[in-house]
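Colleague: A single structure is presented below for examination.
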Amino acid sequence: MVEIMKINHNWEVVYQDTSVDGVVGNAVILECGATLPDMYIWSFTKPGTEAIKAVVYNLGKGTRIQKLAETLGKVSLISNSAAVSIENLLVAAHGLFTCQAFYDITREPKVYYYYVHLNVQIPVTKPFLLVSDVSPVEGSTIWMRCNLENGTGPVQYMWQHEPRGGNITTFAYSDTNIINVTNVNRNHTGFYRCVASNAVNSKGSNRLLLETIFGPDIPQIDVSPYTITERGYSAVERGTVSLLCQAQSNPASQYVWFHNNSQVYAGSHYTITRIFRMHTGDYACLAQNTYLNTRSKKTISLTVYYPPDGSPSCSVEPALNHTALRLLCSWPGGFPSPSLSWTGDLQRLAQNETDTEQQTNPLTNTAILLRSKDLSSNNSLFSCIGSHIALKQPLGCSTRSYIPPAEPVCFAYVTNNRKYLLLSCSWDGGTPKALVWWEGPGGQGKGGEENSNILILRYGTAQGGLPYTCHARHPLLAQTKTCRLTLEAPILLTQRRVVSVYEGSDVQLTCNLRANYLPASEIAWFNNQGVNVQDTSKYKLQRTSAWANLTVKDTHEREDSGEYRCSTSNAVGGTEVNVTLVVKRHPMPPNVTLVKVAYNSLQRTEVELEWKVESEEEKGWTGFILEHQWMSERPGRRGSNNDTNAETKDKIGPPVWYRNFIQDPELRTHTVGKLTPTETYQFRVTPMNHRTIGHPSSAKSPAEPSSNVLPAVIGAALGGMLVAAFLTVLLLIFIIRNRNNNPRLHDLLFGLQHSQSRENINFPEDEVVAGTEGGTEEIGASSSPGPSMALPRASSPLTTAQAPPPGDDNEPVNVTITVQATGS
C-alpha cells in the first residue's frame, strides 16, 4: 500500500513510490493516495521505454478511460477514490503506473506523484522432465532438465528420486531448470520427477524411469579345497580343485576361465578333476558385460608343489649409505622354497659381522653385507649356490661389482625462464650406482642420489666466488671423490669509455660480455637520463647474447651528451659499465670573399658570381648560402624629398635578402638568371656547415659587361652581303631558264639579241588580255608546275601620253618585282 504523505507547504511536488504484484488472469488494485483528489491522471510506461501514455484520467468532469487500458486488462475505477482496479490482468500490464493527483486546486494546489510498479506474474505450468540418457553407464555424467512452457521467475526447482520399492526422497534444490548428475552409479536407478514453484503456484512432472547400466565388478573367486599359502592357493598334485567365479553386472555377466593367459573353460564354475604340477600358475576369471562390451578380471595363483624354474639369481646393491655392499641371491618359484647360500670367504665374512644392520637372513641365507674395508679389489666376483629337494644337482649364480671408470662431472645451466640455476653432478657407470650429493656455501646443498644429482637454486641466490662441491661415493672406495664449481658475476667491456663526436652525426657505443661460465641475461642500455633504451627514431639497438651496440642518431650537444650505462646480470649478480658521450659543436666555417660579380650580357638578365674561401685546407664547411637583394627595396631609394623617403622607410623596413642554398662545398662559381634589367642588385655569399652558419661576405653589385660593338657590326654586314649575293645568283639563273616565258624581263636585263627583238607596242596583240594599266602579270601560272614570276607590265603609249601631274617631272619610277616559288 502507498503510505500517506503530509502535504508539502513549500510548493514542492510530493513523490511516492510503491510496488504491487499481480497474477495473470486475476485482479489487482493500484492505489492513488488515501483521499480522492480534485483531478488525477493515470499513465503507463512500458519497461525499457521512456514513453508515458495515459490510461485513465479525471479532470473534474468525469472519468475517461483510454484505449490503452484494453491492452492491460479490464480497467475500472473504484468509487470515491482514484484507485484503479484491473481485472483479467494481462502480461502487457507489467510496468510502471504513474498517478498524478491534484488537491485543493481552488486554494493552494498540491501535486502528488504516485509511482506504482506493477509486477505481473504468470503461474507455472506443469513441467515435463527430460533426461539426457535414461540408461546411463555407471561412472558417466547425465543432465536432467525440468522444462516449463510458462511461469514468472524466479522459479525454484525440486528434484525427487524414488527407488524401486523405496520411498520418495528429495535430492536437490536449484534455481535453474537443469542439474548435472556426475559419476552415475547403480544406486541412482529408480523413478525421477521434478517440481517447479514460483510465487504463484507449484507443479510437478510425471515420473521418469532411470536404469543404470554397470558392471561387471571385479569377480569373486572361491577355491575348494580351501588352502592358502604365502603365494596364494595351493593344491596337492593329482587332487581335485573347484573354482567358482561371480561378478555383479547389469545385465548379467558371462564368464571365461584362463590358465596362464590361455582359455580353458567358459562358465562360472570350473573344475580340475586331476591336477598336476603343470596346472600350477595363474588362474584368471574374465567377466563380460555384452551390452556395454566391458570386462573385468581377477587372477589367483594356484601352486602345485614342484621345484622352482630356472636357476638362482644374483644381484648387488649399496648399503649403509654406500659404505657397504649387499649381495642378494634369489630363486623364486617351487614348493617348498629352495635353499640358498654364498660360497667361499663371503660366508666367513658375513659370520664375522656383529652389527645387527648387516646380518644375513637366517632362514635362506640369501643376503650378505660387506663393508668397504673388507673389499680390497675392483671388479670383484661373487657366487651363490641354490638347492631344492626335487633337484639332484645344485644350481648357482654370480655377480660383479666395479667402480665407475671416469671421474665425476659438474656443470651449471639456467632454465629458459631464468627462474632457477641448476648445478648438475654425475658419476655414471659402475655397479652398484654411486651416491652423489652437493655441499655449498651458506647451507646450500642437496642430499644424496644415485648416479647424478641436480642442485636447484633460485636465480640470483647463488653466492659468487665460493665453491660448490659435489661429493661422489662408491661402496668399493673408502674415500669420496669430489668436483667443484665456482660461480662468478658477469664482466662487461667497452672499446672506449669516452666517445667524442660532432653534433648532428650518428655515434655507436659498444658493450661486450667477457667469456663467463654462467650465461647472462640480455644486455641493456640506459641513456644519459637513466631510461632503458629501445629501438626508436632516436636510438638503434644491435645485440646478441654476447654484445650490445647502441647507436645514437643525429646527436645534439645539450640533449645527448652525458653518461650512458650498459648493464647485465646472471644468477650470481649484475654488473654495468659507463660510457661518456661528448657531443661537440662544429667549428665556425672559414670566411668567403666575392671576387667577381658581373653581368654576362648587355641584356642584364644574368649575373656571374665567383668567390674564394680562406683556408681551403681546413674543410670546415658543407655548402654556401647565396643571397641577393634589390637596391630599390632599401629605405630611402625611391622618392624626391625627405618626406617621401621617410614614408618609404617606414613601409619597407630593413633590407630583405633572398637566399639560395648551394649544397656542393667544392663549388666556387654560380650564375643567377631571370633578373630584371632595370633593377639594381647586391649579392653576397655565406659559408655553412652541418650546424653553423659563417659570416657573410661583403655585398657587391654586378659590374657592366665590356663593350665589343665593332666586331658585331662587321659580322652582321658580311652576313648580309653573303645573303644578298646568294639571292641575286638565284634570280639570274631563274630568268635565264625562263627567257621564253619572260622575254621582256630578259631583254630588260640582257638587251636585244636580233632585229626581231624590237617590237611595236602599238599593236593590240602585244597587250595582255587580263592585264590592266600598272598591274602585275602571272606567267605560266596555270600550265607550268615550276616556279613562276610576276612582273610589272608597262603602260600603253596611248594611255601614258598624258601630261604628268605637276611636280612629278623628276620623281623616280618604283618597280616592284615579285618572285613566287612553288614546290614540286
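Just so it is clear, none of the values below were taken in a lab; they were calculated from the coordinates. This is a predicted model, so every value here is computed, not measured. Cβ placement follows ideal geometry from the backbone for every residue including glycine, while neighbour counts extend to all protein chains displayed.
Colleague: Determine ³J(HN,Hα), in whole Hz, for all residues of segment 85-94 in sequence, where each value follows from phi through the Karplus function 6.51 cos²θ - 1.76 cosθ + 1.60 and θ = phi - 60°; x replaces Gly and Pro.
Modeller: Karplus-based 3J(HN,Hα) across segment 85-94 equals 10, 10, 9, 6, 4, 9, 5, 5, 7, 5 Hz.
Colleague: Stokes-Einstein D for segment 214-278 at 25 °C, 0.890 mPa s, Kirkwood Rh over Cα pairs, in µm²/s?
Modeller: 188 µm²/s
Colleague: Sticking with this structure for a sec: Read phi for every residue in segment 318-331 and hand back ³J(HN,Hα) as whole Hz from Karplus 6.51 cos²θ - 1.76 cosθ + 1.60, θ = phi - 60°, with x for Gly and Pro.
Modeller: Using θ = phi - 60°, the values come out as x, 8, 6, 6, 6, 9, 8, 10, 10, 9, 10, 10, 9, 8 Hz.
Colleague: Same structure again: HN-Hα J couplings of segment 596-602 from phi, Karplus 6.51/-1.76/1.60, θ = phi - 60°, integer Hz, Gly and Pro as x?
Modeller: 8, 9, 8, 6, 9, 7, 6
Colleague: Can you tally the net charge around V499? Count Lys and Arg as +1, Asp and Glu as -1, for every other residue whose Cβ sits under 15 Å from the Cβ of V499.
Modeller: Here the charged neighbours net out to 0.
Colleague: Counting pairwise Cα distances across segment 55-211, what percent come out greater than 28 angstrom?
Modeller: Pairs farther apart than 28 Å: 48 percent.
Colleague: If amide H atoms are built 1.01 Å from N in the plane of the peptide, which residues on other chains or at least 5 residues away come under 5 Å of the amide H of Y402?
Modeller: Close amide H contacts, sequence-distant or interchain: N379, T431.
Colleague: Among residues other than V131 whose Cβ falls under 12 Å from its Cβ, what is the net charge (Lys/Arg +1, Asp/Glu -1)?
Modeller: Its environment carries a net charge of +1.
Colleague: Something else: Pairs K538/K584; K596/K674; K297/K392; K373/K433; K46/K74; K298/K433: which exceed 28 Å Cα-Cα?
Modeller: Beyond 28 Å: K297/K392; K298/K433.
Colleague: On a straight-distance basis, which lysines could pair with K203 in a cross-link, Cα separation under 23 angstrom, same-chain partners fewer than 8 positions away excluded?
Modeller: K126
Colleague: Follow-up. Could you pull out which residues in segment 454-485 have an amide N less than 18 Å from a spot 7 Å beyond the Cα of E439, following the Cα-Cβ vector?
Modeller: Residues 454-456, 463, 466-475, 477-485 qualify, since their backbone N sits under 18 Å from the label point.
Colleague: Could I ask something else about it? What is the sum of charges around T170, taking Lys and Arg as +1, Asp and Glu as -1, for the other residues whose C-beta is under 13 Å from the C-beta of T170?
Modeller: 0
Colleague: Counting only C-alpha contacts under 8 Å and six or more residues apart, can you give the relative contact order of segment 478-576 as a whole percent?
Modeller: About 36 percent, as a whole number.
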